[in-house]
Amino acid sequence: MVRSDVHIGSRSTQTVFIVESNRNLSWQQSKWLFLFLAACICIVSFYFASLGAWLVLPFTGLEILVVGGAIYAQSCCAHRKQIIRVDQSLVEVDESRRRHALKSFPKAWSKVVQIHDRRGWYPSQLLIGSHGEFVEIGKNLIDDERELLANQLRCAIEGA
Amino acid sequence: MSTTTLTHDEAHHHEAPKGWRRWLFSTNHKDIGTLYLLFALIMLFVGGASAMLIRMELFQPGIQLLDPDLYNNLVTNHALIMIFGAVMPAAAGLANWMIPMMIGAPDMALPRMNNLSFWILPAAATMLLLSFVVPFFPGGGTQINTGWTIYPPLSVQVGMSMDFLIFAIHLLGISSVLASINIIVTLLNMRAPGMKMLKMPMFCWTWLVTAFLLILVVPVLAGGVTMLLFDRHFGTSFFDAAGGGDPVLFQHLFWFFGHPEVYILLLPSIGVLSHVIPAFSRKPLFGYNSMVGAMIAVATIGMVVWAHHQYTIGMSLGAVTYFMIGTILISIPVGLMIFNFIATMWRGAMTFETPMLFAVGIVLMFTFGGLSGVMLAVVPADMQYHDSMFVVAHFHYVLMPGAVFGLFAGVFYWLPKWTGHMYDEKLGKLFFWTNVIGFNITFFPQHFLGLAGMPRRIVDYNVMFTEFNVISSVGAMIFGLSHLLLLYIVIKTIRGGKKAESRAWEGAKGLEWELDSPPAFHTWTVAPQIK
């Protein structure tokens, strides 16, 4: 999901793009979901292991790993939020997931680059930066949205 | 400050990729849903063909077409193909198509895992079919004459086809678990803003509960069949009484999976009914909250009553009493669901298009199957019915209306949405009547056969059972052939027909009906707001 906000102040205009996913669970709730699932799976498996079917346990372990991995991967993706501010002199990319990471580039030298996979097997990449230093943005978007965001960013940077 | 949300340029970017890569590498939930449904349709015909062979053999007493081992191998394959190859993938197909559209999500949470969980299925189906074919080759060993329950010690003794079956079960389990995790994560994390849990469509609720059940029971089955593999090849004695093991342990492991599996097959269809009945009664679903509660109750109780399939193994009186009472208790939430469906129809402006016909058929016939289930739950009665044709009649009355007819209702209900064309209503109704009549002619007489003492899983029978078997076999031919009509209707609808509107049915409610018919390749890229 992409939102673009245009702030019009008394002296300058700042365009803000917010790239984030729609999500329903907080990190805390995701952890509780995982713990609940893992506890239920363990109760069942330890019961049968106690009857002598201990070979259920490796499958339980594998399943808990996959469940945990899936919830973690999805939560990471869902909590990735990027705020891109374009004002008169700077382009700032503020990435907040669990920590904030702020990168700024001079607007005059900033470039928006979109890289398409030659074989079409992987999603495209959208990069923004200058002087050889780039950051990836819109990783959690689909290709169409990424392309749309790229066009909007070019418009904002080049002032077209 | 002004705020805009970026939306798509409708004129471009919606084209689907072309060629075989679209299907092999697809991460699009609609394409994967289509693949699941296509796979299920193929397996329905493969499993149906084995059922036809079984009924042709039973047309007359004596051995006509199949030797006893081959007959039992067909019984085994019919069950496994229908359960794992047809019904579960069909339900997963509906889930893939509908869940993201219903909750306002652009796709499933983990699209690549979605692709993987589908593409494991053809490999598993190949293994399953190999398990049938291998005994025909020199050195292939004996056939799987155990039935789908694969009880040891017989399953330890059969040939290498059992190894193929064990690996097929593992692959099917992996596919189911991956799909379940994906569905849980999607439903819990990707609902449109404002869609609280108790605003979620019932189909999504049923799949959430189903996915939880699958995650809990599949590792137990995986462990059980792996122990079987170890007993067969690595000298262990998990299920060998002579080596200190216990063959009954396998039955517990199997039925801990096998009984919830019934609800895994049933619940998605209950979800479909919860959309079809309100749509064609033009009333909201009666008792949404109680439906959700009943479903959770069915799943929870269903997890802890598995041993009612094993009354005859010699459990303690306390154990059989517990399992009997628990099993009978399930009829309360199931009864509540049926009550809610009837109350939804009560005084509604009902019309009887094909999905609704199937829905009414389900309410009537599934209730009938439920009643024979209560008979089987009672221990002294079950001692008489056990392993008779009565059991075959019972579970077909539960699973055909409860699971398969529900899926048919779903296919006819959503086919206009998927294809953009209305199906031929006359042919749809013809399919319903031939299907339902054929089904009842096939399975109703089997109650009498069972009560008169005809055992199941035996190729020959006493001449006194001939008449009912002839009726049953004739019914099976009608029933089986009627599915060719389904195939024709589906192909005809895909190829063309009257254009379907976005809201194909007047009484249909839900986010999926806000989208075009057929929907764009990507939908809900901007999440809708639910009030």
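The values are calculated or read from the model by the stated rules, or taken from the named source; none is laboratory data. As the structure is a computational prediction, the values presented were derived from the model and not from experiment. For neighbour counting, all protein chains shown are included, and Cβ atoms are generated from backbone atoms with ideal geometry for every residue, glycine included. For accessibility, only protein heavy atoms count, side chains too; no ligands or nucleic acids. Shrake-Rupley method; radii C 1.70, N 1.55, O 1.52, S 1.80 Å.
Report the residue, chosen from A:Ala150, A:Ala70, A:Ala78, that carries the largest GNM mean-square fluctuation when chain A is represented by alpha-carbon nodes joined by springs under 10 Å.
Answer for the Gaussian network model of chain A: A:Ala70.
Which whole-number value in Å² is the accessible area per residue of the protein assembly as shown, probe 1.4 Å?
Working: 28460 Å² over 691 residues.
Computed with neighbouring chains in place, this is 41 Å² per residue.
Can you give the accessible area buried between chains A and B, summed over both chains, with a 1.4 Å probe, in Å² to the nearest 100? Kindly include the intermediate steps, with their values, before the conclusion.
On the way: alone 10690 and 21760 Å², together 28460 Å².
It comes to approximately 4000 Å² buried between A and B.
Taking the convex hull of the Cα atoms, report for the range A:60-153 its projected area averaged over all directions, in nm².
Dividing the Cα hull surface by four gives the mean projection, 7.8 nm².
List the residue ranges in chain B for DSSP H helices whose C-alpha atoms run 20 angstrom or more along the long axis and whose Kyte-Doolittle average is 1.6 or above. Intermediate values should be presented prior to the final figure.
Details: long enough: B:29-57 (42 Å, 1.19); B:88-103 (21 Å, 1.23); B:111-133 (34 Å, 1.07); B:161-189 (42 Å, 1.77); B:202-233 (46 Å, 1.65); B:247-281 (51 Å, 1.16); B:288-303 (23 Å, 1.34); B:317-345 (43 Å, 1.86); B:354-377 (33 Å, 1.86); B:425-451 (39 Å, 0.56); B:466-495 (44 Å, 1.30).
Correct list, ordered by number: B:161-189, B:202-233, B:317-345, B:354-377.
Compute, for B:Met195, the solvent-accessible surface of its heavy atoms (probe 1.4 Å) with the complete set of protein chains present, and express it in square angstrom to the nearest 10.
B:Met195 has an accessible surface of roughly 10 Å² with all protein chains in place.
Rank these residues by their accessible area, most exposed first, probe 1.4 Å: A:Tyr47, B:Tyr36. Please report the intermediate quantities before stating the final value.
Working: A:Tyr47 105, B:Tyr36 5 Å².
Heavy-atom accessible area, descending, gives A:Tyr47, B:Tyr36.
Which value, in debye to the nearest 20, gives the size of the charge dipole of the range B:189-282 about its Cα centre, when Lys and Arg are +1 and Asp and Glu are -1 at the Cβ?
Details: 5 positive and 4 negative charges, 156 e Å.
That gives a dipole near 740 debye.
Once amide H atoms are placed 1.01 Å from N in the peptide plane, what residues at a sequence separation of 5 or more from B:Ser517, or on another chain, have their amide H within under 5 Å of its amide H?
B:Ser502
Check the straight Cα-Cα distances from B:Lys199 and name the lysines below 21 Å, setting aside those fewer than 8 residues away within the same chain.
Cα-Cα hits under 21 Å: B:Lys283, B:Lys509, B:Lys531.
Which one of A:Trp121, A:Gly69, A:Gln28 is farthest out on the positive end of the charge dipole of chain A, using unit charges on Cβ (Lys, Arg +1; Asp, Glu -1) and the Cα centre as origin?
Checking the options against the dipole of chain A, the answer is A:Gln28.
Expressed as a whole percent, how much of the Cα-Cα distance distribution for the range A:27-77 exceeds 14 Å?
Details: 681 of 1275 pairs.
Counting pairs separated by more than 14 Å, the tail of P(r) holds 53 percent.
May I ask you to give the percent of accessible area on the protein assembly as shown that is carbon plus sulfur, with a probe radius of 1.4 Å?
Working: 19030 of 28460 Å².
Here carbon and sulfur together make up 67 percent of the probe-accessible area.
Taking the Cα centre as origin and putting +1 on Lys and Arg beta-carbons and -1 on Asp and Glu beta-carbons, what dipole magnitude results for the range A:93-160, to the nearest 20 debye?
Values: 11 positive and 10 negative charges, 50 e Å.
Using Cβ point charges on Lys, Arg, Asp and Glu, the range A:93-160 gives about 240 debye.
Let me check against my output: what whole-number percent is the relative contact order of chain B, with C-alpha pairs under 8 Å and at least 6 apart? Could the numbers behind the result be given before it?
Values: 864 pairs, mean separation 96.9, N = 531.
Here the relative contact order equals 18 percent.
In chain B, with Lys and Arg counted as +1 and Asp and Glu as -1 at Cβ, which of these residues, B:Asn96, B:Phe132, B:Ile441, has the Cα nearest the positive end of the dipole, that is, farthest along it?
Farthest towards the positive end: B:Asn96.
Along each of the three principal axes of the Cα atoms of the protein assembly as shown, give the extent in whole Å, ordering the values from largest to smallest.
Each principal axis gives a Cα extent; for the protein assembly as shown these are 98, 60, 50 Å.
Springs between alpha-carbon atoms under 10 Å, Gaussian network over chain A: tell me which of A:Arg118, A:Arg146, A:Arg85 tops the mean-square fluctuations.
For chain A, modelled as a Gaussian network with Cα springs under 10 Å, the answer is A:Arg118.
Place a point 7 Å from Cα of B:Met383 in the direction of its Cβ. Which residues in the range B:219-259 have their backbone N less than 12 Å from it?
none
Need the list of lysines near A:Lys103 for cross-linking: C-alpha distance under 26 angstrom, and skip anything on the same chain fewer than eight residues off.
Counting by Cα, and skipping residues close in sequence, A:Lys103 has these lysines nearby: A:Lys81, A:Lys111, A:Lys139.
Under a Cβ-Cβ cut-off of 14 Å, what is the net charge of the residues other than A:His131 that fall near it, where Lys and Arg count +1 and Asp and Glu count -1? Please list the in-between numbers first.
Details: positive: A:Lys103, A:Lys107, A:Lys111; negative: A:Glu133.
For residues surrounding A:His131, the net value is +2.
Buried by at least 30 Å² relative to the chain on its own: which residues of the range B:109-126 qualify, computing accessible area with a 1.4 Å probe on protein heavy atoms?
When all protein chains are present, B:Leu110, B:Arg112 each give up 30 Å² or more of accessible surface.
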